[in-house]
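Enquirer: Dropping the structure in here first, questions after.
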Amino acid sequence: MTLTESIPIWLDCDTGNDDTFAILLAALHQKFNLVGISTVYGNAPLPYTTHNTLAILDVLGFKQDDIKVYSGSSKPFEIPPRYATSIHGPTGIEGATLPKHPTIEESKDQTYLEAIKEAVLQYKGRLNIVSTGALTNVAKLFQTYPGLRSEVNFLAIMGGGIELGNITKFAEFNVHCDPHAAQLVLGDPVLKDKTVLVPLNVTNRAIAKKSIHDQIYIKNNARKNSNARKVFYDIISFYGIAYNLNRDGFGEGPPIHDPLTIFVLMALLNKLGNHHDDEAGDFGLKYVRGDVDVVIDGEHEGQTVLSKRNDTGTYVTVDIDYGIFWSYILEALDNSDLRNGASEDSIVN
């Protein structure tokens, strides 16, 4: 992959407050090419996560089939579905006014599994799958088409925590939603050497502080008051209030977990020489490698355990440059303004 090529991504998400920023980054930063989206239950039931995805693309100015959206799994492999309504509200995105009837509709020309397979084969070993929700869709993909495991470039997962949880003291929410799917994916002998895990240990430090809020939207400021900016500001504001009420240690602002996964993927590709960005080097990326095990039942259900550390296995992220990360998010917002008719002069800080 050369400097001039963008990174092709398929995003699998349960669109709640922080997934919206993953969609923003993947769809509107020039370093990425968002090939398609599949939705999964998680932050809210599947009809809401699909609607939220379509609504956010609408807000960002996309039209039908610019980025196709396919509805995926509505429940886990073996347990009842779990939702994160205490953080994301009953619809998955509270606090912002989204289109009730987006101009974009979900694609039904094929199943989400067929659509991902087609994309993987089209990009001939270069497509990266990014999962920011439960791993149910991803596990079903590789169960249905096991040959795709060797065709995918990388699989980047927001999930897990090393000796850290958020839905329980042991487990992170996405893995806890479907531990059986997580076990299938993270334990796969073909996938694990091309899997990037972005755990809570790293994402909990991607804090949207007040200074970030102020760069997203300012009322009565011609450079920072577009409709898209207002929507993202309202999303992050509600998210911050919910986090402050329900999770300890986040008084400065909420952690924006999901888009960090996309940023980490780019950093890893850069570090390994699969992609090159002269401006940022390796983006401060640090990781360890090893086998990641998932506990599937009992008190520790959904816990991720890093074992057998060595020079192979899953890339488990340890650190990243958060300043550059936030600059990418804000640049994607600028690009949204340009897409929707703002002049370049009007968005210069």
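The values are calculated or read from the model by the stated rules, or taken from the named source; none is laboratory data. Just so we're clear, the structure is a prediction, and the values are computed from it rather than from any experiment. So basically every Cβ, Gly included, is an ideal-geometry build from the backbone, and we count neighbours across all protein chains shown.
Enquirer: Specify which of the listed residues (THR168, THR195) is more than 17 Å from the chain's Cα centre (by Cα) and touching a residue at least 60 places away in the same chain (Cβ under 8 Å).
Expert: THR168
Enquirer: So if I check each of VAL138, VAL130, VAL190, which one is hydrophobic (A, V, I, L, M, F, W, C), surrounded by 24 or more Cβ atoms within 10 Å (Cβ to Cβ) and not in a strand (DSSP E or B)?
Expert: On inspection, the qualifying residue turns out to be VAL138.
Enquirer: OK, next. Every residue in segment 30-47 that is of a type outside the set (A, V, I, L, M, F, W, C) and buried (at least 24 other Cβ atoms within 10 Å of the Cβ), please.
Expert: Correct list: SER38, THR39, TYR41, GLY42, ASN43.
Enquirer: Report whether or not HIS176 is buried (at least 21 other Cβ atoms within 10 Å of the Cβ), at pLDDT 95 or above, touching a helix residue (DSSP H, G or I) at 6+ places or on another chain (Cβ under 7 Å) and closer than 25 Å to THR15 by Cα.
Expert: In short, no.
Enquirer: Out of curiosity, is THR144 over 24 Å from LEU245 (Cα atoms), of a type in the set (Val, Ile, Thr) and at pLDDT 95 or above?
Expert: Yes.
Enquirer: Say we look at segment 65-80 and pick out the residues that are within 12 Å of GLU105 (Cβ to Cβ), in contact (Cβ under 8 Å) with a residue 40 or more places away in the chain and not polar (S, T, N, Q); which of these is surrounded by the fewest Cβ atoms within 10 Å (Cβ to Cβ)?
Expert: Result: ASP65.
Enquirer: Just to be sure, is GLY161 closer than 28 Å to SER86 by Cα and either polar (S, T, N, Q) or touching a residue at least 24 places away in the same chain (Cβ under 8 Å) (or both)?
Expert: Taking the combined requirement at face value, the residue satisfies it.
Enquirer: Take the conditions modelled with pLDDT of 95 or more and surrounded by fewer than 24 Cβ atoms within 10 Å (Cβ to Cβ) and apply them to ILE212. Does it pass?
Expert: yes
Enquirer: On to the next question. If you scan segment 71-107, which residues turn out to be more than 19 Å from the chain's Cα centre (by Cα), of a type in the set (Ser, Thr, Tyr) and at pLDDT below 95?
Expert: Listed by number, the residues that qualify are SER86, THR97.
Enquirer: How do the strands (runs of 3 or more DSSP E) wholly within segment 1-120 filter down when requiring 3 or more residues that are aliphatic (A, V, I, L, M): which remain?
Expert: In segment 1-120, 7-13, 32-39 are the strands (runs of 3 or more DSSP E) which contain 3 or more residues that are aliphatic (A, V, I, L, M).
Enquirer: OK, next. Identify, by number, the condition in (1) polar (S, T, N, Q); (2) surrounded by 14 or more Cβ atoms within 10 Å (Cβ to Cβ); (3) in a loop (DSSP other than H, G, I, E, B) that ASN310 doesn't meet.
Expert: Tallying (1) polar (S, T, N, Q); (2) surrounded by 14 or more Cβ atoms within 10 Å (Cβ to Cβ); (3) in a loop (DSSP other than H, G, I, E, B), ASN310 fails exactly one: (2).
Enquirer: Further, regarding this structure: Can you find a residue in segment 249-272 that is of a type outside the set (Lys, Arg), modelled with pLDDT of 95 or more, within 16 Å of ILE216 (Cβ to Cβ) and surrounded by fewer than 21 Cβ atoms within 10 Å (Cβ to Cβ)?
Expert: no
Enquirer: So SER131 fits all but one of (1) more than 21 Å from TYR315 (Cβ to Cβ); (2) in contact (Cβ under 8 Å) with a residue 24 or more places away in the chain; what number is the exception?
Expert: (1)
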